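Coordinate-derived values only; no laboratory data. What you see is a predicted model; the values in this text were computed from it and never measured. For neighbour counting, all protein chains shown are included, and Cβ atoms are generated from backbone atoms with ideal geometry for every residue, glycine included.
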Amino acid sequence: MKKRPWQLPESEVTDKAIYLNRRQFVQGTATGLGSLALSAPGALANLKNVEVLRHSFPPRYGDKASVWLNSKVDATRPGEYRVDEDVTPYQYISRYNNFYEFGTDKGDPLDNAVNFRTDPWSVEISGEAELTGVFTLEDILKPHDLEERIYRLRCVEAWSMVVPWIGFPLGDLVKRFKPTSKARYVRFKTLLDPSQMPGQRSTFRSIDYPYVEGLRMDEAMNELAFLSVGLYGDVLPPQNGAPLRLVVPWKYGFKSIKSIVKIEFLTRQPKTTWELSNSREYGFYANVNPEVNHPRWSQATERRLPSSLFSPNRRDTLMFNGYGDQVAALYKDLNLKKYF
Ligand SMILES: Nc1nc2c(c(=O)[nH]1)N[C@H]1C(S)=C(S)[C@@H](COP(=O)(O)O)O[C@H]1N2
Ligand SMILES: [Mo]
């Protein structure tokens, strides 16, 4: 059987062209087809109709999301934060995942989250804020226009990607709920649903559920802290944390919590999932820092995906993942070796 186009290695498919034309080709315009054929002549030249494309490359998660979310994502405007590096191919972003609720192997989330229900979805806002309650995802997103931001993502395991996220600044959401003067931290929680999340049923769990993460209030208000509902021009794939996930590009990936159901404003610093699991290895701050090694490996360099044994694509890790201009001031009085 012929391989589906999105199963080809990235070298055979120009993701960028596909990405830029996705919206066009799903509507079946000639431009979309033209560019797609150009980008992968061997694989795609024989595809005759748009319906084939629609169901082959790439999988369109928008088909599973509601109409209002799709139109919101369609109206995304380019944002100002765009790193000048190649965007990681879609196949890697959507198939090489950490989402332990769906299994611990990198390919598990893709397989096990296919039927994850993200609609209807609600988010509870609670704690030290004037406005609290349970809100539908639509109400959470309504006042926010979406923008695209191309950020680096650096996992604590020393691999990295460049992801074109779609979303809006976390600070804009925080302001709407009017946190009180007592609110000094924000805690986020992922859905707990063992019936849908096999990792939560497993007896050999390395972490406790629900997954929780936290930020200091000034970190949450930083211009870079982002709530994402999409990537690569489409709604978020479930394996990437649909329908709503955090993106904190200057911190290790585990801070960027997925599939959020609760946001709480707290007076005290919350314990976070990986800190609870092993506080010697994972801290609350988790700022990307090439000078502070993980107890079991160096953090000085990283493998930029795609990476292989013969072409490791290794590069130096940057302080704050390259976002020092925006965030270094947050930590000017903090000992980053002690508060890692
Ligand atoms: N709920 C939840 N959120 C999570 C994780 C997880 O296991 N569960 N993994 C984290 C880690 S370790 C990383 S590197 C990123 C990976 O995001 P991605 O799969 O979209 O690249 O998600 C983070 N968010
Ligand atoms: Mo990670």
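List of remarks:
- Here residue 164 meets the list (1) within 11 Å of ligand 1 (Cβ to nearest atom); (2) buried (at least 21 other Cβ atoms within 10 Å of the Cβ); (3) within 16 Å of the chain's Cα centre (by Cα) almost entirely, failing just condition (1).
- Scanning the stretch 282-319 for residues that are in contact with a helix residue (DSSP H, G or I) (Cβ under 7 Å, 6 or more places away or on another chain) and closer than 15 Å to residue 161 by Cα gives 288, 305, 306.
- Going through (1) more than 20 Å from the chain's Cα centre (by Cα); (2) surrounded by fewer than 17 Cβ atoms within 10 Å (Cβ to Cβ) one by one, residue 265 falls short only on (2).
- Among residues of the stretch 278-299, those that are under 19 Å from residue 205 (Cα atoms) and touching a residue at least 60 places away in the same chain (Cβ under 8 Å), counted: 1
- Residues in the stretch 239-256 that are over 22 Å from residue 107 (Cβ atoms) and charged (D, E, K, R): 251, 255.
- Positions within the stretch 138-159 being closer than 17 Å to residue 84 by Cβ and within 16 Å of ligand 2 (Cβ to nearest atom), in sequence order: 151, 152, 153, 154
- Any chance residue 217 is among the hydrophobic types (A, V, I, L, M, F, W, C) and away from ligand 1 (no atom under 16 Å from the Cβ): yes
- Condition check for residue 104: touching a residue at least 40 places away in the same chain (Cβ under 8 Å) and within 16 Å of ligand 2 (Cβ to nearest atom): yes
- When residues of the stretch 115-136 are limited to those that are among the β-branched types (Val, Ile, Thr) and not in a strand (DSSP E or B), the one farthest from ligand 2 (Cβ to nearest atom): 132
- For the stretch 137-144, the criterion of being among the charged types (D, E, K, R) and either assigned to a loop (DSSP other than H, G, I, E, B) or within 11 Å of ligand 1 (Cβ to nearest atom) (or both) is met by at least one residue.
- The stretch 293-305, subset surrounded by fewer than 17 Cβ atoms within 10 Å (Cβ to Cβ) and not charged (D, E, K, R), residue farthest from the chain's Cα centre (by Cα): 295
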